[in-house]
Amino acid sequence: MRLSNSEHESHAWRIGEFAPDFRLEDVWALPAHGVVGDFATLLEVMASLDPANGGSRATRALFSIRYRVGGWFGWDDAPRPLAIPDDTDTTLSVRLPEDLRNTATTPDLSSYGFLPLYRTDVEWAAEISNRTVHAVMHLAWVEKGEGRYQGQMGVYVKPRGRFGAAYMAVIAPFRHRVVYPALMRQIERAWNARIAQHQGAGTSTAPAAP
């Protein structure tokens, strides 16, 4: 389910300490429910996904078009790291508070272009940079009362100039109507499978996604 920005921003997430100049573009409640210790399972699930080759034919087509066009125009193959828009640094890792540095060596999403930034007991973030945007995927484990938690994903962006802003505007309907719904279904299947595996081994009390 898509959430309002205020739903995500109502929490004192650590990302707000070093990325106040990034815009929160999308927020989604994830089909992943559990107890506080199951956040690690959510990260395992996210690392196992392959949205570009998921079950949705429309999603696969959109990713194929994006990669082909990106290849034509060199959006993803900058010869050197690009500076964050309106900044001289190329990565948000240099802005991290001391206690967050070197906390997110896993999961590894580098094959998708994401480089981890930090991890806490209930947060994880990774950044991606190309010729259209510098963006951060922020995963959170949100307390829902009575010891229950649910996954939440926020996407923060800084477009690269007018082209980057136009690009984000053009792809917004496809993200919201095709890509993210397909991703949620993929997460739900992977979560249920992982929880069943962990419950069989007696290592989790999390329920399957409803």
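So here's what we get for this one:
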{"read-out": "Fully extended contour minus Cα-Cα distance, from T88 to V35, at 0.36 nm per residue", "value": "15.0 nm"}
{"read-out": "Virtual spin-label span in nm between D21 and R162, 7 Å along Cα→Cβ", "value": "2.1 nm"}
{"read-out": "Ranked order, R175, R95 - accessible area, probe 1.4 Å, largest first", "value": "R95, R175"}
{"read-out": "Sequence of T41, T105, T120, T90 when ordered by accessible area, the most exposed leading, probe 1.4 angstrom", "value": "T105, T90, T120, T41"}
{"read-out": "Residue order for D89, D121 - accessible surface, 1.4 angstrom probe, largest first", "value": "D121, D89"}
{"read-out": "Rough spin-label spacing in nm, given labels placed 7 Å along Cα→Cβ, for A193 and E7", "value": "2.6 nm"}
{"read-out": "Rg over Rh [alpha-carbon atoms, Kirkwood Rh] for the range 99-160", "value": "1.04"}
{"read-out": "Separation of alpha-carbon centers, the range 1-29 and the range 129-185, rounded to whole Å", "value": "10 Å"}
{"read-out": "Probe 1.4 Å - accessible area at Y118, Å² to nearest ten", "value": "0 Å²"}
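The values are calculated or read from the model by the stated rules, or taken from the named source; none is laboratory data. What you see is a predicted model, and the numbers here were worked out from it, not measured in a lab. Note that each Cβ is placed from the backbone with ideal geometry, even for glycine, and that neighbours are counted across all protein chains shown. Just the protein is used for accessible areas: all its heavy atoms, side chains included, with ligands, DNA and RNA removed. Shrake-Rupley method; radii C 1.70, N 1.55, O 1.52, S 1.80 Å.
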